[in-house]
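The values are calculated or read from the model by the stated rules, or taken from the named source; none is laboratory data. These figures come from a predicted structure and were not determined experimentally. Cβ sites come from the backbone with ideal geometry, for glycine too, and all protein chains shown count toward neighbours. Calculation scope for accessible area: heavy atoms of the full protein, side chains included, ligands and nucleic acids excluded. Shrake-Rupley method; radii C 1.70, N 1.55, O 1.52, S 1.80 Å.
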Amino acid sequence: MSFCHGLRLLYSQLPLFSRELNRPWCRYVSSSLALSSEKRASDFNSFVPRTNTCGELRSAHVGQEVTLCGWIQYQRQGLFLVLRDFQGLTQIIIPQDEAHSHVKKVLYDAPVESVVRVTGTVTSRPPGQKNPRMPTGDIEVKVKTAEVLNSCKKLPFEIKDFIKKSESLRMQYRYLDLRSFQMQLNLRLRSQMIMKMREYLCYLHGFVDVETPTLFKRTPGGAKEFVVPSREPGKFYCLPQSPQQFKQLLMIGGLDRYFQVARCYRDEGSKPDRQPEFTQRHLQNKDFEALKESAKSQFNQEVLHLILKPDESLKSPLRKFLSEEQQSELIKALKVQADDVVLLAAGEHEKVCLVLGNMRLESANLLELRGLVLRDPTAFHFLWVVDFPLFLHKEENPAELESAHHPFTAPHPSDTSLLYSEPAKVRSQHYDLVLNGSEIGGGSIRIHNAEQQRFVLETVLKEDPELLSHLLEALKSGAPPHGGIALGLDRLICLVAGAPSIRDVIAFPKSFKGRDLMSNAPDYITPEELEPYHIQVAWPAAEAEANKN
């Protein structure tokens, strides 16, 4: 299957979020939800205590008696309120006559974000009071009865998208943040994209959706794994950092077209996104300091800036170290023009490219926050990266090698002979898919020969092949040539949604440091609770003393 073609089809089936003004996918999701609600409205079961949602009433409903349930978005002087649910907003008119004084008191006293149920009649808004920006802006509901289903205490922040909240506060109260329009939109977009993927793979290309185990065993190579204790003394499960081996075993088992939406678990600190070097000016001194601090904290790399002033003199910490001639040569070599800003770093090529790439995108973000448009948010640019090295020298011990991708990646056919003589020179059959500068997927052709796999593990990587004895045995059982690709679903949806972070497209994400700020996980377990797992915690002295107290 051509995954590039697959992505193109998926892209076209999601009405190409980018072909109209600004964020057309917002309009697409909203209209899709409206259509689906119209189809479902008549299908509500008798026990559902509402007749309609808050986003579907239109002029055609005028005269109908309806029952709505939702959160109070806001209330205005006891005259009207706006009710919100997952579908949208509806304006509710609070009765002012004496006969409905109880209804007026119920709604007037109800705090914002309380859950209420109201029954009333749909009417047209008076002339001049219609709201074209609101899908339900032509109508309002005159209330006859009202009930507060659950009153709301004072919240740590308002449920409005224009209210700025810190990310830590949003994650601490994620159940409130999920009520926002933007989070609702992101998660519904995510759901629709995954459904389109499943439809494309299963219905058009005969793929099989297979679940693989969450509890597995420790395996060599790749990221650090989360360890899960068992009740057998000294024995542990590991959460799979990737269902890589199961992919291979399923191929060997004859499921040549298999996929899954898989959870991957990696016990490592959050890594900075790989971002792309120098940009135009609107940057200020505080921005340069922030960029330098970012490079230092994330990459342990020094970065210097250079500005060519209108009089063609340099403004840079480097200036005092360079002669006039050297400054001119530097300007010529960098092709700098007046008011350009250049970020410079020195060191190993790979490390410097990584940090400058990061600085380039951080600079672009800073400039765009100030209104300078550098990137088209509606454009989607894909590219493939190929011909990776099969192995890399270990940073802590350059005499040893480690897998650039994973230890099951096949060598490039032209370089197979080098595997046994000069493995550091071997290219791999590994490929990455990049969208708008961000890696959204990666995969490889896998080794399907047991002896070649054993050689890579035992001789090149110095790993104990017995840890993968199950895979080596399977490869001896007529394993066909096979390969695959894994798309980073969170990152892909983040790019399509235009979200600033993947945490904005995940319902319950972890913080940058891997903590759940809502439940405060990971948390301590008492010695008594650890006893069935035959585990004792060796506390650092300071923590041990604190736990005693």
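Wholly within region 161-220, which helices (runs of 4 or more DSSP H) include no fewer than the required count, namely at least 3 residues that are among the hydrophobic types (A, V, I, L, M, F, W, C)?
Values: elements: 167-172, 174-177, 181-198.
Where helices (runs of 4 or more DSSP H) fall fully within region 161-220 and carry at least 3 residues being among the hydrophobic types (A, V, I, L, M, F, W, C), they are 181-198.
Take the residues of region 292-315 that are over 31 Å from the mean Cα position of the chain (by Cα) and acidic (Asp, Glu): which is most open to solvent (accessible area, probe 1.4 Å)?
Top of the filtered list is 312.
Rundown of residues vs (1) of a type outside the set (Asp, Glu); (2) over 22 Å from the mean Cα position of the chain (by Cα); (3) modelled with pLDDT of 90 or more, yes/no style:
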residue: 339; (1), (2), (3): no, yes, no
residue: 344; (1), (2), (3): yes, yes, no
residue: 364; (1), (2), (3): yes, no, no
residue: 386; (1), (2), (3): yes, yes, yes
residue: 389; (1), (2), (3): yes, yes, yes
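For region 486-505, how many residues meet the condition of being among the β-branched types (Val, Ile, Thr) and open to solvent by 30 Å² or more (accessible area, probe 1.4 Å)?
Step one: of region 486-505, the residues among the β-branched types (Val, Ile, Thr) are 493, 496, 502, 505.
So of that shortlist, the ones also open to solvent by 30 Å² or more (accessible area, probe 1.4 Å) come out as 502.
The qualifying residues number 1.
Among the residues of region 72-83, what is the count of those that are open to solvent by 20 Å² or more (accessible area, probe 1.4 Å) and modelled with pLDDT of 95 or more?
Of the residues in region 72-83, the ones open to solvent by 20 Å² or more (accessible area, probe 1.4 Å) are 73-77, 79-80.
Imposing the further condition that a residue be modelled with pLDDT of 95 or more reduces the set to none.
Within region 72-83, residues that are open to solvent by 20 Å² or more (accessible area, probe 1.4 Å) and modelled with pLDDT of 95 or more number 0.
Only one of 138, 177 is touching a strand residue (DSSP E or B) at 6+ places or on another chain (Cβ under 8 Å) and acidic (Asp, Glu); which?
Details: 177 fails: touching a strand residue (DSSP E or B) at 6+ places or on another chain (Cβ under 8 Å).
Residue meeting the stated conditions: 138.
When the residues of region 47-70 are narrowed to those that are surrounded by fewer than 20 Cβ atoms within 10 Å (Cβ to Cβ) and within 35 Å of the chain's Cα centre (by Cα), which ends up nearest to residue 135 (Cα to Cα)?
69
In region 455-475, what count of residues is obtained for those that are part of a loop (DSSP other than H, G, I, E, B), loosely packed, with under 13 Cβ neighbours inside 10 Å and not acidic (Asp, Glu)?
Start the filter on region 455-475 by keeping residues that are part of a loop (DSSP other than H, G, I, E, B), which leaves 461-464.
Now restrict to residues that are loosely packed, with under 13 Cβ neighbours inside 10 Å: 462, 464.
Those still in the list that are not acidic (Asp, Glu) too: 462.
Total satisfying the criteria: 1.
Which residue, of 314, 343, 354, is more than 24 Å from residue 395 (Cβ to Cβ) and either of a type outside the set (Ser, Thr, Tyr) or in contact with a Gly (Cβ under 9 Å, 6 or more places away or on another chain) (or both)? Outline the logic, then answer.
Numbers: 343 fails: more than 24 Å from residue 395 (Cβ to Cβ); 354 fails: more than 24 Å from residue 395 (Cβ to Cβ).
Unique residue meeting the criteria: 314.
Can you give me the number of residues within region 94-114 that are open to solvent by less than 40 Å² (accessible area, probe 1.4 Å) and outside any loop (DSSP other than H, G, I, E, B)? Spell out the reasoning first.
Pass one, region 94-114, residues open to solvent by less than 40 Å² (accessible area, probe 1.4 Å): 94-95, 103, 106-107, 110, 113-114.
Retained after the next criterion (residues that are outside any loop (DSSP other than H, G, I, E, B)): 103, 106-107.
Adding up the residues that qualify gives 3.
Got a sec? Which strands (runs of 3 or more DSSP E) wholly within region 349-405 have at least 1 residues that are over 30 Å from residue 497 (Cβ atoms) and not charged (D, E, K, R)?
Values: elements: 382-385, 391-393, 401-403.
In region 349-405, 391-393, 401-403 are the strands (runs of 3 or more DSSP E) which contain 1 or more residues that are over 30 Å from residue 497 (Cβ atoms) and not charged (D, E, K, R).
Applying the selection to region 206-233, what residues are surrounded by 14 or more Cβ atoms within 10 Å (Cβ to Cβ) and either over 25 Å from residue 408 (Cα atoms) or modelled with pLDDT of 95 or more (or both)?
Once the filter is applied, which keeps residues that are surrounded by 14 or more Cβ atoms within 10 Å (Cβ to Cβ) and either over 25 Å from residue 408 (Cα atoms) or modelled with pLDDT of 95 or more (or both), region 206-233 yields only 229.
State whether the residues of region 510-524 include one that is open to solvent by 50 Å² or more (accessible area, probe 1.4 Å) and assigned to a helix (DSSP H, G or I).
Checked region 510-524: no residue is open to solvent by 50 Å² or more (accessible area, probe 1.4 Å) and assigned to a helix (DSSP H, G or I).
Quick one: is residue 153 farther than 24 Å from residue 56 by Cβ and surrounded by 15 or more Cβ atoms within 10 Å (Cβ to Cβ)?
Numbers: farther than 24 Å from residue 56 by Cβ: yes; surrounded by 15 or more Cβ atoms within 10 Å (Cβ to Cβ): no.
So residue 153 fails the test.
At pLDDT 70 or above and in contact with a helix residue (DSSP H, G or I) (Cβ under 6 Å, 6 or more places away or on another chain): which single residue out of 95, 49 fits that description? Don't jump to the end; show me each part of the working.
Working: 49 fails: in contact with a helix residue (DSSP H, G or I) (Cβ under 6 Å, 6 or more places away or on another chain).
It is 95.
Look at region 404-423 and say how many of its residues are open to solvent by 30 Å² or more (accessible area, probe 1.4 Å), at pLDDT 95 or above and within 34 Å of the chain's Cα centre (by Cα).
Residues that pass the stated criteria total 1.
Looking at region 158-177, I want the residues that are on the phi > 0 side of the Ramachandran plot and have a partner that is open to solvent by less than 40 Å² (accessible area, probe 1.4 Å) with Cβ atoms under 9 Å, at least 6 apart or on another chain. Which pairs are those?
Every condition considered, no pair remains.
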